[in-house]
1. If I filter the stretch 353-369 down to residues being among the acidic types (D, E) and in contact (Cβ under 8 Å) with a residue 24 or more places away in the chain, which single residue comes out as nearest to I278 (Cα to Cα)?
2. Can you list residue pairs whose Cβ atoms sit under 7 Å apart, with the first residue in the stretch 36-54 being within 21 Å of V114 (Cβ to Cβ) and the second being part of a strand (DSSP E or B) and of a type in the set (K, R)? Count only pairs 6 or more apart in sequence or on different chains.
3. Picking from R297, R333, which residue would you name as being basic (K, R), surrounded by 21 or more Cβ atoms within 10 Å (Cβ to Cβ) and either in contact with a strand residue (DSSP E or B) (Cβ under 7 Å, 6 or more places away or on another chain) or closer than 23 Å to L214 by Cα (or both)?
4. Which one of these is at pLDDT 95 or above, crowded, with 19+ Cβ neighbours inside 10 Å and touching a helix residue (DSSP H, G or I) at 6+ places or on another chain (Cβ under 8 Å): Y197, Y251, Y188?
5. For L290, which of the numbered conditions (1) surrounded by 22 or more Cβ atoms within 10 Å (Cβ to Cβ); (2) out of contact with any helix residue (DSSP H, G or I) (no Cβ under 9 Å at 6 or more places or on another chain); (3) within 22 Å of V229 (Cβ to Cβ); (4) not β-branched (V, I, T) fails to hold?
6. Condition (residue is in contact with an Asp or Glu (Cβ under 6 Å, 6 or more places away or on another chain) and crowded, with 22+ Cβ neighbours inside 10 Å) applied to the stretch 15-32: is it met by at least one residue?
7. Does the stretch 368-380 include one or more residues that are part of a strand (DSSP E or B) and under 17 Å from R271 (Cβ atoms)?
8. Can you pull out every residue in the stretch 166-185 that is in contact with a Gly (Cβ under 9 Å, 6 or more places away or on another chain), modelled with pLDDT of 95 or more and either polar (S, T, N, Q) or surrounded by 17 or more Cβ atoms within 10 Å (Cβ to Cβ) (or both)?
Amino acid sequence: MSSQSKVRVLVGTRKGGFIFTSDANRKQWAVSDVLFKGWNMMHMVMDPRDGRFHASLTHFVFGSTTHYSDDMGATWKQAPEPPKFTRPSKSGRPGGTPEESYSGGPIPTTPEVVLKVWNIEPGRPEEPNVLYAGVQSATLFKSTDRGESWVLNEALYDHPQRGMWNPGAGGLCLHSIVLDPRDPNRMYVAISAAGVYRTEDGGQSWIPRNKNVLTDFEAKSYPEFGQCVHKLALHPSRPDVLFQQNHCGVYRSDDCGDDWIDIGLDKLPSRFGFPIVIHPHDPQTIYVMLEESDQFRMSVGSQVAVWRSRDGGGNWQRITTGLPANAHVVVLREAMASDNLEPAGLYAGTDTGQLFYSRDDGDTWEVLADFLPPIQSIEVAVA
């Protein structure tokens, strides 16, 4: 990476977005004015293929939409056709059961409303102009024109299990979109609370992939679907290996999601957390930030901490250097990210408005910014 590279940390908050910019040393930072002031910015990301920025936004008056920028966030344009449901689900009600088993009243004849766009994922290098978006109520959209317009993935929207999916505390949301870099027909999505679903045919069909992933919020069991995945990730150098931070633990799959291994049991002090990040250069190194429990959503032991494993979850190290004690914070699923420099930078944003970062692979941490609105997402762009 060139010493002239600019590092941009793209921060989405409940009251707008911010772009923090530095050089490759990452010591001095400049910050933009508030972007979309007063809007709930769910996610902001740069497409590395063409440099276009994309943002997903909601407003209590104007609803949900997406915007894009071709000048590094200086000016923005609203997508002419943002993600929108154009017909009712064939499974009956919005998020509903098949018509023959639906007993919740008349089958709706009008489309539901996209409440939030949770995530925008740029496509693979070999599929130019393609992006994907995960929305609430949980389904997937695809753009083939750089985010100008979006088309519903009907196979997932009409999935026969859809009527049995239950919303998590944040709603019924599709928040993680993971593309297999080797196989253009394989991708994964994660839904709270439905679990991980995989397609092998470019989105024409979807199968749940949740074997040995616990659900303990109803009855302690291992169902085919219904798990509350909080974040899903893979490293492009090992596309068969997936990691997830779940409502009920941290898991790894070594076989494209066919089976899952609990890598936090009896090793981590809590099974509950939201983000998981894989080191950009070492696919065996992963990071999580945990909370005390589902009931008490705050830092474990009142100490903000990062847990790092260098061996794919075999062993874990608790890191607190530079992170505050006597603090009670939440780091949401999209609010932790890494850059791709050497050593790697890690970034984590809290629901109380602190932006922490590390310039040494997570060994030590410092405050990049404070007094921001509650942070919902972080992405890093290096160019």
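The values are calculated or read from the model by the stated rules, or taken from the named source; none is laboratory data. Because the structure is a prediction, the values reported are computed rather than measured. For neighbour counting, all protein chains shown are included, and Cβ atoms are generated from backbone atoms with ideal geometry for every residue, glycine included.
1. Keep residues of the stretch 353-369 that are among the acidic types (D, E), which gives 360-361, 363, 366.
Next cut, in contact (Cβ under 8 Å) with a residue 24 or more places away in the chain only: 361, 363, 366.
Details: D361: 11, D363: 15, E366: 20 Å.
Once the filter is applied, the top-ranked residue is D361.
2. M42/K116
3. Only one candidate qualifies: R333.
4. Values: Y251 fails: touching a helix residue (DSSP H, G or I) at 6+ places or on another chain (Cβ under 8 Å); Y188 fails: touching a helix residue (DSSP H, G or I) at 6+ places or on another chain (Cβ under 8 Å).
One residue alone meets the criteria, Y197.
5. Unmet for L290, out of (1) surrounded by 22 or more Cβ atoms within 10 Å (Cβ to Cβ); (2) out of contact with any helix residue (DSSP H, G or I) (no Cβ under 9 Å at 6 or more places or on another chain); (3) within 22 Å of V229 (Cβ to Cβ); (4) not β-branched (V, I, T): (2).
6. We begin by selecting, within the stretch 15-32, every residue in contact with an Asp or Glu (Cβ under 6 Å, 6 or more places away or on another chain); these are none.
No, every residue in the stretch 15-32 fails to be in contact with an Asp or Glu (Cβ under 6 Å, 6 or more places away or on another chain) and crowded, with 22+ Cβ neighbours inside 10 Å.
7. First pass over the stretch 368-380, keeping only residues part of a strand (DSSP E or B): 368-369, 375-380.
From the residues that got through so far, the ones that are under 17 Å from R271 (Cβ atoms) too are none.
Within the stretch 368-380 (the criterion being part of a strand (DSSP E or B) and under 17 Å from R271 (Cβ atoms)), the answer is no, since none of the residues qualifies.
8. If we filter the stretch 166-185 for residues that are in contact with a Gly (Cβ under 9 Å, 6 or more places away or on another chain), which is where we start, we get 166-167, 172-177, 179, 184-185.
Narrowing further to those that are modelled with pLDDT of 95 or more: 172-177, 179, 184-185.
Scanning the stretch 166-185 gives L172, C173, L174, H175, S176, I177, L179, N185.
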